[in-house]
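The values are calculated or read from the model by the stated rules, or taken from the named source; none is laboratory data. It should be emphasised that the depicted structure is a prediction, and the values quoted were computed from it without experimental measurement. Virtual Cβ from ideal backbone geometry, glycine too; neighbours counted across all protein chains shown. Surface areas here come from the heavy atoms of the whole protein model, side chains and all, with no ligands, DNA or RNA. Shrake-Rupley method; radii C 1.70, N 1.55, O 1.52, S 1.80 Å.
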Amino acid sequence: MTNKFVSSVEEAVADIFDGATVLVSGFGLAGQPIELLNALATQGARDLTVVCNNSGSGDEGLARLIRLGRVRRLIASFPRGAEAMAFEEAYARNALEFECVPQGTLAERLHAAGAGLGGFFTPTGYGTALAEGKETRVIDGRGYVFEAPLHGDFALVKAQAADRWGNLVYRKAGRNFGPPMCTAARTAIVQVAHAVPLGELDPEHIVTPSIFVQRVVVLEGASTTAREAA
Amino acid sequence: MTTRRTREEMAQCVARDIPDGSTVNLGIGMPVLVLPYWQAAQEIVVHSENGILGMRALADGEAADPDVLNAAKQPVALERGGAYFHHADSFAMMRGGHLDYCVLGGYQVSANGDLANWSLGQPGVAAAVGGAMDLAVGAKQVYVLMEHQTRERNSRLLRACTLPLTGLGCVKRVYTDLATLDVVGGAFVVRDMVPGLTATQLQAATDAPLRFL
């Protein structure tokens, strides 16, 4: 019997290793898996490459990982913001490398990785500093830039509900990078607010099908809810 | 004696020019000010890069939802008929040419429609591009909403941009606190000016040569 529920965030992140590439969902706080990130900070893996649209805020989640010096390299589209002190301090000290990727290129590099593509040509960034050193091609009179797929060893994703197979639905615009990140990671680890019995999610409404999810942790009343759902 | 348009007046100019039934993306900064100025009777479908089609401003007293934000991460709400989707789909909407308009903030626009709006090129400051480059290449019409001049009174409408580019030849129209200008055939064509301003005064405030209809 397939049961992807694990009983705690600690168990969920236990095998994330030093040097791993970790994809982190969220657009600002919406969809950011704060509890999984806090557990990863406690777990202690270091030299991480983190892929996230932003850089975390305040002193929790990704900001905590950065402040603790666990992130060697950040790949993001928009790491700045009123609450992005952890990143800005680390960047100013040269304590981490930063790769700036246009937001749509970031999403599509994840999609390409998950879809088994060797990359793609995009018009985004053509002729700008972010295309320097990259292969370009003119297609039907328009300039394009080659972008490579972006794979993760792990994805940390926040969704709303899951069944024991790992089928997911999200909450509103908290969905953002979750679906492409689940496809792009070898091990997609998802925190959800609710477990539901297998068969309860309407198959027409499942956003991320179970094949893209390896591990699920339920945050409130995790163990009982997950057992009931199983 | 001329009076510059306020930011709100600039936003109203944009809102007035976008026809009913359009799909529009509003960038962070000044463009999000446009949102409240569409009339309730109009069905303008507003796209937000973080996975919303059919975004509207919060009503007075309406509770904010932490999962319903605009590109600037401020709370908004969903229209009836609105939809949520993931980021790869959201940017397919842009890059795939499905949006009628996007309105972006700007640092500089050149006479051939190049846009610079993501980096001041300062050493030691991490660049943050967000969705700007995708919007610049993707929407059918790219409008820029920005002050005509910097605080030091340097023109933001230039023969050639000096800051790092966001996109090449992408801007169709610029709304400033002094005028509205179209980019046509490698030149700025003045559509309107604030009352009391003369063509000579507008040209004096602008680095790029202007054409007047």
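Does at least one position in segment A:56-74 carry a residue that is acidic (D, E), more than 9 Å from every other protein chain (Cβ to nearest Cβ) and closer than 18 Å to A:V13 by Cα?
yes
Looking at (1) more than 12 Å from chain B (Cβ to nearest Cβ); (2) open to solvent by less than 20 Å² (accessible area, probe 1.4 Å), which is the one condition that is false for A:Q103?
Status for A:Q103: all satisfied but (1).
Considering only segment B:34-55, state which residues are open to solvent by 10 Å² or more (accessible area, probe 1.4 Å), in contact (Cβ under 8 Å) with a residue 60 or more places away in the chain and assigned to a helix (DSSP H, G or I).
None; the set is empty.
All but one of (1) closer than 19 Å to A:F177 by Cα; (2) acidic (D, E); (3) not in a helix (DSSP H, G or I) hold for B:D89; state the number of the condition that does not hold.
Tallying (1) closer than 19 Å to A:F177 by Cα; (2) acidic (D, E); (3) not in a helix (DSSP H, G or I), B:D89 fails exactly one: (3).
May I ask you to list pairs of residues, at least six apart or on different chains, whose Cβ atoms are under 6 Å apart, with the first in segment A:79-94 being within 9 Å of chain B (Cβ to nearest Cβ) and over 14 Å from A:G28 (Cα atoms) and the second being modelled with pLDDT under 95 and crowded, with 17+ Cβ neighbours inside 10 Å?
A:Y91/B:A126
So, in segment B:109-133, exactly how many residues are under 28 Å from B:Q203 (Cα atoms) and either open to solvent by 20 Å² or more (accessible area, probe 1.4 Å) or in a loop (DSSP other than H, G, I, E, B) (or both)?
9
Working carefully through the options A:R64, A:R72, find the one that is open to solvent by 60 Å² or more (accessible area, probe 1.4 Å), part of a helix (DSSP H, G or I) and modelled with pLDDT of 95 or more.
A:R64
Let's see how each residue does on (1) in a loop (DSSP other than H, G, I, E, B); (2) open to solvent by 20 Å² or more (accessible area, probe 1.4 Å); (3) closer than 25 Å to A:L29 by Cβ:
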{"site": "A:T124", "(1), (2), (3)": "yes, no, no"}
{"site": "A:L150", "(1), (2), (3)": "yes, no, yes"}
{"site": "A:I189", "(1), (2), (3)": "no, no, yes"}
{"site": "A:P197", "(1), (2), (3)": "yes, yes, no"}
{"site": "A:E200", "(1), (2), (3)": "yes, yes, no"}
{"site": "A:I211", "(1), (2), (3)": "no, yes, no"}
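Among the residues in segment B:135-148, are any assigned to a loop (DSSP other than H, G, I, E, B) and more than 28 Å from A:N54 (Cβ to Cβ)?
Looking through segment B:135-148, at least one residue is assigned to a loop (DSSP other than H, G, I, E, B) and more than 28 Å from A:N54 (Cβ to Cβ).
Residue under question is B:G51, and the condition is that it be closer than 23 Å to A:T122 by Cβ, within 12 Å of chain A (Cβ to nearest Cβ) and small (G, A, S); does it hold?
When the stated conditions are applied, B:G51 passes them.
Give all pairs with beta carbons closer than 7 Å in which a residue from segment B:146-175 that is within 14 Å of chain A (Cβ to nearest Cβ) meets a residue that is open to solvent by 60 Å² or more (accessible area, probe 1.4 Å); count only pairs at least 6 apart in sequence or on separate chains.
If the second residue must be open to solvent by 60 Å² or more (accessible area, probe 1.4 Å), the pairs left are B:L163/B:Y107; B:L163/B:L120; B:L168/A:Y126; B:G169/B:N112.
For A:N54, state whether it is more than 15 Å from the chain's Cα centre (by Cα) and not in a strand (DSSP E or B).
For A:N54, the condition - more than 15 Å from the chain's Cα centre (by Cα) and not in a strand (DSSP E or B) - is not met.
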